[in-house]
Amino acid sequence: CHQPTGLGLDPAFPPLAGSEIVTGPAEVPIAIVLHGIQGPMTVKGKQYNGAMVAWGQLSDEDIATTLTYERSSWGNSAPPV
């Protein structure tokens, strides 16, 4: 959905590269992965309107590993989860 480059896919899937959501407080992307999200959101000053289903079936370790990867890939430099 967010593409191998992390650049997303307009208009539904926002970029993970340079995303203030991905690189901000870890609690936000954790909540999105656990509970999903839908509706309008702004990422890097651009409006997106899509949906992401919850990934609650993943283990805590899998979620932490995935989010740590996102937070340190595509030019992002946020601390690990």
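The values are calculated or read from the model by the stated rules, or taken from the named source; none is laboratory data. Owing to the predicted nature of the structure, the values given are computational and were not obtained by experimental measurement. Backbone-built Cβ (ideal geometry, glycine too); neighbour counts: all protein chains shown. These accessible areas exclude ligands, DNA and RNA; they are computed on the full protein's heavy atoms, side chains included. Shrake-Rupley method; radii C 1.70, N 1.55, O 1.52, S 1.80 Å.
For the range 1-57, which residues satisfy the criterion of being among the aromatic types (Phe, Trp, Tyr) and in contact with a Cys (Cβ under 7 Å, 6 or more places away or on another chain)?
Correct list: 13 only.
What number of residues in the range 4-46 are outside any loop (DSSP other than H, G, I, E, B) and not charged (D, E, K, R)?
Matching residues across the range 4-46 total 20.
Are any of the residues in the range 66-76 modelled with pLDDT under 95, open to solvent by 30 Å² or more (accessible area, probe 1.4 Å) and of a type in the set (A, V, I, L, M, F, W, C)?
No.
What are the residues in the range 62-81 that are assigned to a loop (DSSP other than H, G, I, E, B) and of a type in the set (Gly, Ala, Ser), if any?
Once the filter is applied, which keeps residues that are assigned to a loop (DSSP other than H, G, I, E, B) and of a type in the set (Gly, Ala, Ser), the range 62-81 yields 72, 73, 75, 77, 78.
Select from the range 47-61 the residues that are among the aliphatic types (A, V, I, L, M) and part of a loop (DSSP other than H, G, I, E, B) and write down the one among them that is farthest from residue 12 (Cα to Cα).
So the residue we want is 58.
I'd like the full set of residues that are out of contact with any strand residue (DSSP E or B) (no Cβ under 7 Å at 6 or more places or on another chain), within 16 Å of residue 7 (Cα to Cα) and of a type in the set (A, V, I, L, M), limited to the range 39-66.
Within the range 39-66, 43 is the sole residue that qualifies.
Scan the range 24-53 residue by residue and report those that are exposed (fewer than 11 other Cβ atoms within 10 Å of the Cβ) and on the phi > 0 side of the Ramachandran plot.
39, 45
Does the range 14-23 contain any residue that is touching a Pro at 6+ places or on another chain (Cβ under 8 Å), open to solvent by 40 Å² or more (accessible area, probe 1.4 Å) and either among the hydroxyl-bearing types (Ser, Thr, Tyr) or in contact (Cβ under 8 Å) with a residue 24 or more places away in the chain (or both)?
No: zero hits.
For the range 1-57, which positions are more than 18 Å from residue 71 (Cα to Cα) and among the basic types (Lys, Arg)?
46
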